[in-house]
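For reference, the structure is listed below as structure tokens.
Values quoted throughout were computed directly from the atomic coordinates according to the rules given, and no laboratory measurement underlies them. Small disclaimer: the values here were computed from a predicted structure and weren't measured.
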Amino acid sequence: MAVSVSFRTYLLEQLGQVRPISSRAMFGGMAFFAEGLTFALVADDTLYFKVDDGNRPDFVAAGMGPFLPFGDPDKPMQYYQLPEEVLEDSDELTQWMAKAIAVAQRAKAKAKPKAKPKAKLAPRKKASK
């Protein structure tokens with residue numbers, strides 16, 4: 001799942017033109033972040049964007065498939081390969097990135113545990129002298 005230095009540099013340039021991003025090596029590949037949210041992964045010099053039911057049809061219509069880190073088609077990750085031509089078109093890239101970041105925002109909101117109501121404490125008894 002290696003990522004070449006030249007591909008990483010290219011992605012940082014292309015994605016960074018759309019909005020501020022950062023990257024970090026993860027599990028032999030890379031993850032890309034915007035606003036603290038993981039919206040893209042790279043493995044074997046292939047870029048994948050985060051998907052859900054809202055943007056997955058865009059990837060399917062473009063003939064792109066899911067990231068299969070374990071090779072099992074029954075266990076895809078919720079990341080799909082970005083069409084290469086999108087990286088060359090800043091307007092299109094802006095739209096695809098915005099959708100992937102929105103997916104990451106929804107996933108984070110869904111994963112956030114709801115705050116538990118605070119338990120009411122029984123009144124303390126005064127110590128006798």
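Counting lysine pairs in the chain whose alpha carbons fall under 16 angstrom apart, excluding pairs fewer than 8 residues apart on the same chain, gives 5. Largest GNM mean-square fluctuation across Ala43, Ala104, Ala25, computed for the chain with C-alpha springs under 10 Å, falls on Ala25.
Between Phe27, Phe59, Phe39, the residue with the greatest mean-square fluctuation in the GNM of the chain (Cα pairs under 10 Å linked by springs) is Phe27. Ratio of Rg to Rh for the chain: 1.25 [Cα atoms; Kirkwood radius as inverse mean 1/r over pairs].
The long axis of helix 90-111 is offset from the longest Cα principal axis of the chain by roughly 30 degrees.
Among Lys50, Lys75, Lys99, whose mean-square fluctuation peaks in a Gaussian network model of the chain (Cα, cutoff 10 Å)? Result: Lys75 has the largest fluctuation of those listed.
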